[in-house]
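Data first, discussion second: the structure below is written as structure tokens.
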Amino acid sequence: MVKRMIAGNWKMNKGPMEAANFTEKLENWFSSDEIGRFASQAIEGDAFEVVIAPPSISLSAAAGAKRVEQRIGIAAQNVFYELKGAFTGEISLPMLKEAGCKYVILGHSERRHIFGESDELLQKKLISTLESDILPIFCVGETLAQREAGQMEKVLGQQISSAFSSLTSDVVSDMIVVAYEPVWAIGTGKAASEKDADQACEVIRGLIADMFGRSSAEKLRILYGGSVSVDNCSELLSMNNVNGLLIGGASLDIDSFTKILAKTVPGSFRAKK
Ligand code: PGA
């Protein structure tokens, strides 16, 4: 079974103090809430993964508690591809490692559309991330105009093929997580229906199968992101091609995030006493 990932993307929210506070509350939930303990067992059993992506200034604070490393994966939201040097305002992969990051989100639509990150730049970031042994959560997704023009498959194909062209099948299946995040669903309250999410994730799996073979495609974890909430998380995750969720707004509040975790702990663990 593919390990299910639930990841919270905090975007430009929560400074170091708030981040430390949140992770402490999350740790408490894992140890003192009944379903939290099942979640913890599912993490130990390698069936479930919980990740938070604080802003870079809060990474160390979020990763600070030693226990956190075991139960909560830390992701950065962005990184530069050079390892050091005169790049004012940028953050490097070794710095992310030192701060306790296991993952980095790359190609989020806000990076692509607000900050103009191109497919070429993202390919460089993806390759140096993999070389640094940090695991990328690579985001792809179409805009509303592209979807309405029937270009969803073409856009996903372009984003995937340009970034992944020089990789090997093992790297793709073992190191990369892909997040399908339709731009029209992000922060709008209008999540994709579970059928649309599943269909787009199936398209992505098909693209990976064409490039790297069926077995890589089957192992690849694909997350859905865009207006995920306590109310729609279970339906989205019930789909065959959806292996996890990337959550923005609903990951900021400890109550809604833990409610989502409670609903998404793999069933076999939820039933355990
Ligand atoms: P949202 O954001 O859940 O607030 O729509 C998702 C994301 O951008 O990753």
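Of the accessible area of segment 23-148, with the probe set at 1.4 angstrom, what percent is carbon plus sulfur?
Working: 2960 of 5890 Å².
The nonpolar share, carbon plus sulfur, comes to 50 percent.
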Full-extension gain in nm, Arg214 to Glu18, via 0.36 nm per residue minus C-alpha separation: 66.3 nm
Report the one residue of Ser132, Ala145, Ile114 whose Cα lies farthest in the direction of the positive end of the charge dipole of segment 96-148 (charges on C-beta: Lys and Arg +1, Asp and Glu -1; origin at the Cα centre). Ser132
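Tell me what the chain gives for mean residue ellipticity at 222 nm when only DSSP H runs of n ≥ 4 count, each as -39,500 (n - 2.57), the sum divided by the residue total, rounded to 500 deg cm²/dmol. Present the calculation step by step, with values, prior to reporting the outcome.
On the way: 15 runs with 131 residues, N = 273.
About -13500 deg cm²/dmol.
Using only alpha carbons, build the gyration tensor for the chain and give me the equivalent ellipsoid semi-axes, biggest first, whole Å. Don't jump to the answer; show the numbers that get you there.
Numbers: eigenvalues 137, 105, 63 Å².
Whole-Å semi-axes of the equivalent ellipsoid: 26, 23, 18.
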Rounded to the nearest 20 Debye, what is the dipole magnitude of segment 7-114 about its Cα centre when Lys and Arg each give +1 and Asp and Glu each give -1 at the C-beta? 240 debye
Do the alpha carbons of any pairs in Lys84/Lys124; Lys3/Lys102; Lys11/Lys195; Lys102/Lys263 sit beyond 18 Å of each other, and which pairs? Lys11/Lys195; Lys102/Lys263
Listed by chain and number, the aspartates and glutamates with an alpha carbon less than 13 angstrom from that of Lys14, same-chain partners under 8 positions apart left out, are Asp253
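Keeping every protein chain in place, order Asp133, Asp198 by accessible area at 1.4 Å, biggest value first, i.e. largest first.
Numbers: Asp133 105, Asp198 25 Å².
If we order Asp133, Asp198 from most to least accessible, we get Asp133, Asp198.
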At 1.4 Å probe size, with no ligands or nucleic acids counted, give the accessible surface of Cys101 in Å², nearest ten. 10 Å²
What is the extension gain from Ser118 to Ser234, computed as 0.36 nm multiplied by their sequence separation minus the C-alpha to C-alpha distance, in nm to one decimal? 38.4 nm
With a cut-off of at most 15 other beta carbons within 10 Å, and DSSP calling the residue loop, which GluC sites (Glu not before Pro) in segment 83-185 qualify? Please list them. Glu90
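Heavy-atom accessible area per residue, segment 82-228, 1.4 Å probe: how many Å²?
Working: 6690 Å² over 147 residues.
Averaged over the residues of segment 82-228, the accessible area is 45 Å².
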With every protein chain in place, the accessible area of Lys154 for a 1.4 Å probe, in Å² rounded to the nearest 10, comes to 150 Å²
Take the chain, connect every pair of alpha-carbon atoms lying under 10 Å apart with a spring to form a Gaussian network, then pick out the residue of Ser31, Ser251, Ser229 with the largest mean-square fluctuation. Ser31
With contacts defined as alpha carbon pairs under 8 Å and 6 or more residues apart, what's the relative contact order of the chain in percent? 21 percent
Excluding ligands and nucleic acids, what accessible area in Å² is computed for Met95 using a 1.4 Å probe, to the nearest 10? 100 Å²
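Mind pulling up the Rg/Rh value for segment 94-221? Radius of gyration and Kirkwood radius, both on Cα.
Working: Rg = 14.4 Å, Rh = 15.1 Å.
Using only Cα positions, Rg/Rh for segment 94-221 is 0.96.
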Just the ratio, please: alpha-carbon radius of gyration of segment 126-174 over 2.2 N^0.38 Å, N its number of residues. 1.35
Between Arg270 and Thr168, how many nm apart are label points set 7 Å from Cα along the C-beta direction? 3.9 nm
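The values are calculated or read from the model by the stated rules, or taken from the named source; none is laboratory data. Predicted model, so just to flag it, every value in this text is computed and none were measured. A quick note on method: Cβ atoms are made from the backbone with ideal geometry, for glycine too, and the neighbour counts reach across all protein chains shown. What goes into the accessible areas is simple: the full protein's heavy atoms, side chains included, and nothing from ligands, DNA or RNA. Shrake-Rupley method; radii C 1.70, N 1.55, O 1.52, S 1.80 Å.
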